[in-house]
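The values are calculated or read from the model by the stated rules, or taken from the named source; none is laboratory data. Note that the structure is predicted; figures quoted are calculated from it, not measured. A quick note on method: Cβ atoms are made from the backbone with ideal geometry, for glycine too, and the neighbour counts reach across all protein chains shown. Please note that ligands, DNA and RNA were not included when accessible areas were found on the heavy atoms of the full protein model with its side chains. Shrake-Rupley method; radii C 1.70, N 1.55, O 1.52, S 1.80 Å.
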Amino acid sequence: ADPKHDRRTWLKAAAVVLVAGGVVTALVLAQRDGESPATDTVPDATTAPAPVETTSPVAVETTNPAEVETTSQVAVATTVPALQATFAGATVDAFAVDPGSNPYFVGAADDVWVSSLAGELVRLDSETGEIVARATVPESSPFAVDADAVWVADAIGGDVIRLDLVDGTEVARIATGVEILENSYRQPMLPGAARSFAQVGGIASSGDAVWVGDKAGVVMLIDPSTDTITARFDVPVRPDLLRVEGEVLLVVNQLGGAAAAIDTTDGTVLHEVSGLDDIAGAALYGGATYLHDRVTGTVTRTDLSTGEQRTSAALGAPLERSGEPTLPTGLAVSGAGVLVDTKTTPNNLHVLDPVTLEEIGTLTTTADQGDMAIAGDGSVWLVRSLANEVVRITPAAL
């Protein structure tokens with residue numbers, strides 16, 4: 001706007017701007033048409049937009065759409081798979097089983113094993129429920145079953161006993177170093193009473209690792225390929241009950257109302273809870289812990305990656321004998337839902353959504369007490385101790 005400038009000078013400047021603008025426009029149009037300009041030395045791949053992951057509702061299956069709402073544009077990975085089956089409307093079959101005394105513990109993989117507190121162990125035909133093999137184990141001893149063996153935590157001697165998966169014969173005995181209390185439970189006593197004195201704790205198998213507890217506050221890792229103890233970790237709660245999933249071990253003191261989740265690679269405590277009422281049952285699934293309160297029947301789910309907690313409605317207490325529970329009682333979790341055993345009659349099995357913990361159904365069985373285990377085919381086996389029954393629960397397909 002300076003009047004001193006020559007008019008011709010301004011015209012030349014305007015011409016330069018117009019020419020430059022035309023060149024830029026031509027380059028843009030050429031790129032839109034998929035033609036790289038002759039002066040472009042950058043490969044086409046660098047100008048192509050990066051693929052964007054999406055959590056579009058069309059690709060997500062959920063029983064509770066509100067739970068997948070997010071403000072993030074980045075896809076969020078989850079360890080909880082889409083539901084393929086549900087315990088709501090499941091088929092319930094009861095089989096009479098009498099191992100000599102009332103059945104109590106149950107373990108399942110491809111095969112189903114049941115034992116009494118008096119030490120009678122039997123293998124069942126998974127189709128008919130008939131007893132097809134018998135063995136004897138130390139009384140009051142919990143056990144775990146995987147695809148290769150039956151693993152017994154010897155409540156009397158403190159060892160871990162490996163049994164043949166077909167006939168229950170002893171294959172190996174692994175010394176744990178668990179302290180043996182002198183003279184306190186070696187005398188004859190009522191079936192199951194030794195459990196109150198035993199120093200060996202719970203036991204669990206992931207297939208490639210077996211974990212057993214020492215009530216002094218230690219868990220031990222057994223390598224099933226060598227039948228030797230390869231690691232020991234101190235834990236902050238007494239390991240009465242163990243559950244394992246992937247690289248996480250859930251350690252539970254049921255009558256002490258405390259639990260801790262640890263990293264199985266180094267023993268790091270990932271999550272710890274204490275000060276609860278007695279814990280009737282516990283489970284690990286999809287990177288979350290599930291604890292079943294004995295007094296109210298409330299189930300609490302804690303996501304180990306975020307610390308988020310969800311709590312179910314009070315479902316009712318489990319069945320008790322002699323004023324206190326003979327543990328464990330039933331709690332099982334899979335993609336088919338959370339199955340909770342209570343003494344409510346007749347619909348004593350409650351089915352909850354595995355993420356929201358909303359009740360989605362109930363099932364009817366004999367109101368009773370006993371252990372619960374998930375088999376390799378997704379079915380759940382539930383002991384009805386006083387009725388001398390074992391119940392098979394087959395999820396309904398979605």
Inside region 232-275, can you point out the residues that are part of a loop (DSSP other than H, G, I, E, B), without any contact (Cβ under 8 Å) to a residue 40 or more places away in the chain and either hydrophobic (A, V, I, L, M, F, W, C) or on the phi < 0 side of the Ramachandran plot (or both)? Val235, Pro236, Val237, Arg238, Pro239, Glu247, Gly256, Thr265, Asp266, Thr268, Ser274
Among the residues of region 231-277, write down those that are surrounded by 15 or more Cβ atoms within 10 Å (Cβ to Cβ) and basic (Lys, Arg). Arg238, Arg243
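Hey, among Thr356, Thr394, Thr345, which residue is open to solvent by 10 Å² or more (accessible area, probe 1.4 Å), among the hydroxyl-bearing types (Ser, Thr, Tyr) and part of a strand (DSSP E or B)? Please lay out each step first, then the result.
Details: Thr356 fails: part of a strand (DSSP E or B); Thr345 fails: part of a strand (DSSP E or B).
Matching residue, one of Thr356, Thr394, Thr345: Thr394.
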Hey, among the residues in region 260-281 that are among the acidic types (Asp, Glu) and more than 21 Å from Leu339 (Cβ to Cβ), which one's farthest from the chain's Cα centre (by Cα)? Asp266
Regarding Gly287, is this residue open to solvent by less than 50 Å² (accessible area, probe 1.4 Å) and modelled with pLDDT under 95? no
Right, Asp208: buried (at least 19 other Cβ atoms within 10 Å of the Cβ), without any contact (Cβ under 8 Å) to a residue 24 or more places away in the chain and over 19 Å from Glu179 (Cβ atoms) or not? no
Might you let me know whether region 371-378 holds any residue that is without any contact (Cβ under 8 Å) to a residue 60 or more places away in the chain and open to solvent by less than 60 Å² (accessible area, probe 1.4 Å)? no
